[in-house]
Amino acid sequence: MMAAWSDNIRKVEPYVPGEQPKDTNVIKLNTNENPYGPSPRVAEVIQNPDLLRLYPDPTASQLVDVIAEYHGVDSSQVFVGVGSDDVLAMSFLTFFNSDKPILFPDITYSFYDVWAELFRIPYERPALDENFRLVKEDYYRENGGVVFPNPNAPTGIYENLANVEDIISHNGDSIVIVDEAYIDFGGKSALELIDKYDNLVVVRTFSKSRSMAGLRIGYAISNPILIKALNDVKYSYNSYTMNRPSIIMGTESVKDDAYFKAMVAKVVATRTRFVESIRPLGFTCLESSANFVFATHENIPAKEIFEAAKKAHIYVRYFDKPRIDNYLRISIGTDEEMDKFVEFLTGYVQSIQ
Ligand code: PMP
């Protein structure tokens, strides 16, 4: 018999992040990391061990201010957290407290349903259309909130801003979170709508375009009322979410815009080059505006390619889920890494056909 206390345990099925192999001798294209290091200004900060002795500023004001200045908003419009996962989780907790279901697409970032389950938020997942595009009309019904990434994950597809605005404007009674984890790699940000709609929250991360996944920095931009609500929840939970190295290194990253833009441009150029080089092998990629592509082969099952690549020490991501189980999500590495992957795929495809 199960102990009585077992009824009191919160039971959740956790999110499973992409594998972080112990073996360093792999080409790692499975978790959308940036292949280039962060700005050299970030590395300089590590030289100072005194950094770790003091508690951090609980408001992380240095980082908040520099992000606000970068985006041309007031500091009262910026909330920072431990990666955008933390910011999104806090946002679910803060904004999604209705009995009505929140809405997000059937194919999207697979953490959304995990947070909804964890916080016991009812949810519905309107299906993307057959081209994996958002059906904006599905979000016009009554709901307790809306969340979607733009560009979407794991498809990489960018939804134009007019459609995003339609969803925001049809949902005046609930909060709409636009998760822009990948926006720096393509597409127009919803940030320009921040002053127009009081129900909009835009979430960003330093993990992809800023090459700082290991440090864990994310942020939300909204109006001061919603940012205060987020901070109230944060201070009711943990005052020191942001550590001192993150605050200082994040600040340095934002200050080095030229380096940031150059690295993003390199990734985007490699993405185009990679898509073109696998097309002749029988692959089709959805049009990507992210630092990854979602690819399918005309006759070899994605799962087999995933497993064969892994044996060859090349890691990509495979989701064994309805509608996308014949696709591979391939993060964009350096040109050299992608060339090695193309070389592997060429040999593999020939050996099968
Ligand atoms: N949103 C989306 C759509 C993502 O793919 C990811 C990366 N797993 C995140 C948010 C979270 O990224 P991070 O916590 O590193 O900022």
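The values are calculated or read from the model by the stated rules, or taken from the named source; none is laboratory data. Keep in mind that what you see is a predicted model, and the values were worked out from it rather than measured. Here Cβ is always computed from backbone atoms with ideal geometry, including for glycine, and neighbour counts include all displayed protein chains. For the accessible areas, the whole protein counts, side chains as well, though only heavy atoms, and no ligand, DNA or RNA atoms are used. Shrake-Rupley method; radii C 1.70, N 1.55, O 1.52, S 1.80 Å.
Couple of notes before you dig in:
- Tyr182 closer than 26 Å to Gly81 by Cα and either in contact with a strand residue (DSSP E or B) (Cβ under 8 Å, 6 or more places away or on another chain) or more than 14 Å from the ligand (Cβ to nearest atom) (or both): yes
- Filter result for the condition that a residue is among the polar types (S, T, N, Q), within 16 Å of the ligand (Cβ to nearest atom) and closer than 24 Å to Gly333 by Cα, over Asn30, Asn25: Asn30
- Qualifying residue in segment 37-58 (condition: open to solvent by less than 60 Å² (accessible area, probe 1.4 Å), within 16 Å of the ligand (Cβ to nearest atom), within 30 Å of Met338 (Cβ to Cβ) and at pLDDT below 90): no
- Selection within segment 66-106 - touching a residue at least 24 places away in the same chain (Cβ under 8 Å), part of a loop (DSSP other than H, G, I, E, B) and open to solvent by 10 Å² or more (accessible area, probe 1.4 Å): Val73, Asp74, Val82, Asn97, Ser98, Asp99, Lys100, Pro101, Asp106
- Looking across segment 220-237 at every residue that is more than 16 Å from the ligand (Cβ to nearest atom) and not in a helix (DSSP H, G or I), the one that is nearest to Phe292 (Cα to Cα) is identified as Ser222.
- Candidate set from segment 195-219 (those that are of a type in the set (A, V, I, L, M, F, W, C) and open to solvent by 10 Å² or more (accessible area, probe 1.4 Å)); member that is farthest from the ligand (Cβ to nearest atom): Leu215
- Any hit, segment 155-169, residues being open to solvent by 20 Å² or more (accessible area, probe 1.4 Å) and within 16 Å of the ligand (Cβ to nearest atom): yes
- Lys22 closer than 21 Å to Phe111 by Cβ and either touching a helix residue (DSSP H, G or I) at 6+ places or on another chain (Cβ under 6 Å) or of a type in the set (D, E, K, R) (or both): no
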